[in-house]
Amino acid sequence: MAALELLSAEGFRPDGRRPAELRKLRARMGVFAQPDGSAYIEQGNTKALAVVYGPHEMRGPRSKALPDRALVNCQYSMATFSTGERKRRPHGDRKSSEMSLHLKQTFEAAILTELFPRSQIDIYVQILQADGGNYCACVNAATLAVIDAGIPLRDYVCASSAGLVEDAALADLSYLEEAAGGPQAALALLPTSGQMALLQLDSRLHEDRLGAVLEAAGGACRAVHAVLDRVVREHVRELTALLGD
Amino acid sequence: MAAVAMRLPVARKAVAPSGSRGDEKHLVAPGDTITTDTGYMRGHGTYVDEEKLIASVAGAVERVNKLVCVKALKTRYNGEVGDIVVGRITEVQQKRWKVETNSRLDSVLLLSSMNLPGGELRRRSAEDELAMRDYLQEGDLISAEVQSVFSDGAVSLHTRSLKYGKLGQGVLVQVSPSLVKRQKTHFHDLPCGASVILGNNGFIWIYPTTEQKDEEAGGFTTNLEPVPLSDREVISRLRNCIVALATQKLMLFDTSILYCYEASLSHQIKDILKPEVMEEIVLETRQRLLDLEG
């Protein structure tokens, strides 16, 4: 079998996108009543749910409480039916733990945690369908959930992945493109200030190419920001209209 | 075999903009610059970066003279002195109880800031400290008033009135604190035959109205006599009405609850929770409230 062509001679990707084009992004806020904040997001076929509880009193060992800021606790899990082959454990394996840690680092950079000393903020995200860019979908969903919970954020956190194929930088990789094994980067960006909350690079990438990949990922993050911002504004407008006076 | 009601998902209806009221609110999202003028003061929901005032939550901008705040649509409860709250005991400690009040830290109720059973006023002795779990134990619900707010946002409660104290038989509904309207009184005996406590923290307690007020309230003995079916039906109906009002984001206060209750009378209690019924009765309530305003 001939190797799959990730970028055709005409400059199209396997799913028909241009190199810098995103997959269709749809999102909703406030999907559950019980948690303080919740959101659902679809990026192409990748689907994720995020819920936020808090800030609330420390649960578990009191000694873990931080005297000057809130503790951010993240849990990443993948539904057993989310991948092609059924998963055994939804969370707690090495990959999920690493992902939880990355999410924690990302949101500690964005949430104004110093406003809530000695308390705890829980962020739970679950992938319902995995089709590449799981980390990015989770960050975007969690951002919406945190905003829904009314927790102060420096800025939106928008994430997108980018990879390199035949010297061309591709934005928002799908599972097919991720599985091809080329170099890829995941970037979480605070779009207004342009600060990076997290940058993760898998496999080796020549220094000269890093700029192009970062530029593609950054552009995709700003495009994600535009969509998320529209969702938030629509949600806020609807709720204020309902609350009326 | 009981009949099972099934429903298919329906598309959500978009909410139309609230008409041309004239006073269009200034809505912001996190990261939006509110003003670059340095003459303003930074309030809640904002932060300053490079001399710009930036919003940190999504909501409406509120200006009081030079103070700029952003009010989030939904947050945890922020205590204010004098608020009525309903809470649940989570922990019994030395001379104090910890109370879960939907706040960002658990509230405290000091042994010294409550009336002991019998209403006698005296110094709290070591015996009282040992008997704390007899008054209130983990899981008990109480109504109380906010005595003070600490610098980290935690709240100190007191129950120094016969109005407050342990709650007995009834139903608790939890809603967003922003949906409870601030009023002169939060204890209401509704004419439909039940009473409600609308906690400022979004905890709402519905209980049967009692005859002899002063003896029952504020005590620590709970009346465990069975509540008659008719009262339980009224309470369940009220509970479903409050849930309906909360899902449709209508402010909760005695009149809105009563109007919703009256609007729901043509439906069975369990049917109130169906989305189309909720929408119908809340719409009717909204209309009556608007008529009332004139």
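Taken about its Cα centre, region B:194-294 carries a charge dipole of about 360 debye when Lys and Arg each add +1 at the Cβ and Asp and Glu each add -1 at the Cβ.
Counting Cβ atoms of other protein chains within 10 Å of each Cβ in A:142-152 and taking the mean gives 5.
Entry note, chain A: the mean residue ellipticity at 222 nm calculated from DSSP H runs of n ≥ 4, each adding -39500 (n - 2.57), is -10500 deg cm²/dmol after division by the residues and rounding to the nearest 500.
What average number of partner chain Cβ atoms lie no more than 10 Å from the Cβ of the residues making up A:107-115?
Details: counts 0, 0, 0, 3, 1, 5, 0, 0, 6.
The per-residue average across the peptide is 2.
For region A:44-50, backbone phi angles converted through the Karplus equation (6.51, -1.76, 1.60; θ = phi - 60°) give residue-by-residue couplings of x, 9, 7, 10, 9, 10, 10 Hz, Gly and Pro being listed as x. Measuring how big region A:102-245 is from its alpha-carbon positions, Rg and Dmax come out at 16.5, 58 Å.
For region A:1-91, state which chymotrypsin sites (Phe, Trp or Tyr not before Pro) are in a DSSP loop and have at most 16 other beta carbons lying within 10 Å of their beta carbon.
Details: sites: A:F12, A:F32, A:Y40, A:Y53, A:Y76, A:F81; in loops: A:F12, A:F32, A:F81.
Within region A:1-91, the qualifying chymotrypsin sites (Phe, Trp or Tyr not before Pro) (loop, at most 16 other Cβ atoms within 10 Å) are A:F12, A:F32, A:F81.
Close amide H pairs (under 5 Å, H built 1.01 Å from N) link B:S195 with B:L190, B:Y207, B:T209, residues at least 5 positions away or on another chain.
Assuming a viscosity of 1.002 mPa s and a temperature of 20 °C, what translational diffusion coefficient in µm² per second does Stokes-Einstein assign to the protein assembly as shown, Rh being the Kirkwood radius over Cα pairs? Mind dumping the intermediate values first?
On the way: Rh = 25.9 Å.
Diffusion coefficient, whole number: 83 µm²/s.
Legend: calculated FRET efficiency, B:L130 to B:Q174, from the Cβ-Cβ distance at R0 = 35 Å, rounded to 0.05, equals 0.60. Of the beta bridges in region A:1-149, as assigned by DSSP with both residues counted there, near 70 percent are antiparallel. Which whole-number percent of Cα pairs in region B:225-294 have a distance greater than 13 Å? Taking all Cα-Cα pairs of region B:225-294, the fraction more than 13 Å apart is 60 percent. Chains A and B together bury roughly 3300 Å² of accessible surface, counting both sides and using a 1.4 Å probe on protein heavy atoms. When the trypsin sites (Lys or Arg not before Pro) in region A:26-64 are filtered for DSSP coil states and for at most 14 other beta-carbon atoms within 10 Å of their beta-carbon, the remaining sites are A:R59. Taking the chain by itself as reference, region A:51-67 contains these residues with an accessible-area loss of 50 Å² or more in the full protein complex (1.4 Å probe, heavy atoms): A:E57. One chain, two ends: A:D202 and A:L242. Fully extended at 0.36 nm per residue, the span grows by 9.8 nm beyond their Cα-Cα distance. Every Cα-Cα pair of region A:13-92 was included, and the share exceeding 14 Å stands at 76 percent. Histogrammed with a bin width of 10 Å, the alpha carbon distances of region A:76-132 distribute as 21, 44, 24, 10, 1 percent, first bin at zero.
Over the Cα atoms of region B:141-191, what is the Rg over Rh ratio if Rh follows Kirkwood?
Expressed as Rg/Rh, it is 0.97.
Start at zero, step by 5 Å, and the Cα-Cα distances of region A:141-190 spread as 5, 19, 24, 14, 12, 12, 10, 5, 1 percent across the bins. Average 1/r across all pairs of distinct alpha carbons in region A:161-245, invert it, and you get the Kirkwood radius: 14.4 Å. The residue list A:L103, A:L210, A:L66 was ranked by how far each Cα lies along the charge dipole of chain A toward its positive end, using unit charges on Cβ atoms, and A:L66 comes out on top. Could you give me D for region B:1-116, from Stokes-Einstein at 10 °C and 1.306 mPa s, where the hydrodynamic radius is the Kirkwood radius over C-alpha pairs? Units µm² s⁻¹, please. Answer, rounded: 84 µm²/s.
Counting only protein heavy atoms and a 1.4 Å probe, tell me what percentage of the protein assembly as shown's accessible area is made up of carbon and sulfur. Present the calculation step by step, with values, prior to reporting the outcome.
On the way: 13980 of 27310 Å².
It is 51 percent, rounded to a whole number.
Would you mind getting me the FRET efficiency between A:E85 and B:A11? Use the beta-carbon distance for r and R0 = 30 Å, nearest 0.05. Could the numbers behind the result be given before it?
Details: r = 34 Å, r/R0 = 1.13.
Calculated value: 0.35.
Our Cα-only numbers for chain A put the radius of gyration and Dmax at 18.4, 66 Å. Computed from the Cβ-Cβ distance with R0 of 30 Å, the FRET efficiency linking B:S151 to B:T35 stands at 0.65. Ordering A:Y124, B:L179, A:T80 by Cα displacement along the dipole of the protein assembly as shown toward the positive end leaves A:T80 in first place; charges were set at the Cβ atoms of Lys, Arg (+1) and Asp, Glu (-1).
Toward the positive end of the charge dipole of region B:178-294, with +1 on the Cβ of Lys and Arg and -1 on the Cβ of Asp and Glu, the farthest Cα among B:I272, B:L224, B:T210 is that of B:I272. Against chain A, whose longest principal axis is taken from its Cα atoms, helix A:207-243 shows a tilt of about 40°. Just so you know, the Cα atoms of chain B work out to an Rg and Dmax of 22.2, 71 Å. Where the alpha-carbon atoms of region B:165-267 are placed on the principal axes, they occupy 37, 30, 20 Å, in descending order.
The values are calculated or read from the model by the stated rules, or taken from the named source; none is laboratory data. All of these numbers come straight from a predicted model, not from anything done at the bench. As a convention, Cβ positions derive from the backbone with ideal geometry for all residues, glycine included, and neighbour counts pool all protein chains shown. With ligands, DNA and RNA removed, areas are computed over all heavy atoms of the protein, side chains included. Shrake-Rupley method; radii C 1.70, N 1.55, O 1.52, S 1.80 Å.
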